[in-house]
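Encoded as structure tokens, the structure appears first; notes follow it.
The values are calculated or read from the model by the stated rules, or taken from the named source; none is laboratory data. What you are looking at is a predicted structure, and each value in this text was computed from that prediction instead of being measured. Neighbour counts run over all protein chains shown; Cβ positions are idealised from the backbone, glycine included.
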Amino acid sequence: MFLSNNFLGIPEAENTLEKSRVVVLPVPYERTVSYGVGTRNGPGAILEASRYVELYDDELDEEVFRVGIHTLPPWLPDRMEPEACVEALAGVVSELLAKPRFVLTLGGEHAIATGPIRAHHSRYPGLSILHFDAHGDLRDEYEGDRHSHACAARRFLETGLPSVHVGIRSISREEVDFAKRQGLLIVSNRRLPNVDGWMPEALAPSSRAPARPSPAAAPGSRPWRSCGGSRRRRPSSAPTSSSTPRCRETGRPISWSPSSATSCSAIPSSPGRSLARTPEAAKSL
């Protein structure tokens, strides 16, 4: 059976950009890596692996792909400096979000994260960030570069958005001190198996407080800690509706964009170049 280059291998002819409510943007960017290489191959590898995922989601009891998923050609900026890449990528994602779509950006190294986050923040002011990573990425600069992959979380926190950081197993003293000053909630990888112990707190609005200058400037603020503690019961599932898919773990409704996209001639016109959408092209970057 022929599988397309589209996410999940679903037919491209039935999932055009104009009809799809979900858009996947591959960004095979690699510039500031400090140990090993290969982040540029990430988008291609994810798309390849996605072909072997079942289309039915047993958690939602839905075939969610039917809302339409369109994968754009891989994109890279004309200027490869990380700061320039972030600015250009923010423009690309903003243009995609001009229509009611769910936009998924696939990197590429972590340095690009701030671009899509800025674009979504402009569109959705009430956004919060759930940051999954093995590393803190909270350094103010790394090897003289404030836009290094090791500073990605520090840069996107400058948007002022609330955040929770999950899975951290490696973090520097500088980053811990910063997290304490900001009152950030960091969930260590050692706590991940005990889902009942950290997930309710991570999902609580009080845990996703926006970054702030220091505890001294915000009396009574919650101190930083690696989340753990006593076991807690998960929130009970809310009654479900036959018309609104809900997560079986939380009972919360799962929603995409409010309506389908109607028109878009091609990949956004922000500075950048469109690459051939083949694995060979991605590997040659």
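Brief remarks follow.
- For residue 81, the test of being acidic (Asp, Glu), more than 20 Å from residue 151 (Cα to Cα) and in contact (Cβ under 8 Å) with a residue 24 or more places away in the chain is failed.
- Candidate set from segment 36-61 (those that are assigned to a helix (DSSP H, G or I) and β-branched (Val, Ile, Thr)); member that is farthest from residue 100 (Cα to Cα): 39
- Screening the candidates 24, 33, 86 for the property of being part of a helix (DSSP H, G or I), surrounded by 13 or more Cβ atoms within 10 Å (Cβ to Cβ), within 21 Å of the chain's Cα centre (by Cα) and of a type in the set (A, V, I, L, M, F, W, C) yields one hit, 86.
- For residue 58, the conditions (1) over 25 Å from residue 185 (Cα atoms); (2) charged (D, E, K, R); (3) buried (at least 18 other Cβ atoms within 10 Å of the Cβ) all hold with the exception of (3).
- Restricting attention to segment 62-83, the residues that are under 19 Å from residue 43 (Cβ atoms) and in a helix (DSSP H, G or I) total 2.
- Criterion (of a type in the set (S, T, N, Q), modelled with pLDDT of 95 or more and under 26 Å from residue 116 (Cα atoms)) met by exactly one of 148, 206: 148
- Of all residues in segment 143-163 being among the hydroxyl-bearing types (Ser, Thr, Tyr) and surrounded by 19 or more Cβ atoms within 10 Å (Cβ to Cβ), the one that is farthest from residue 177 (Cα to Cα): 148
- Cβ pairs under 9 Å, 6+ apart, first in segment 121-140 and under 13 Å from residue 179 (Cβ atoms), second of a type in the set (Phe, Trp, Tyr) and surrounded by 11 or more Cβ atoms within 10 Å (Cβ to Cβ): 131/156; 136/178; 138/178; 139/178; 140/178
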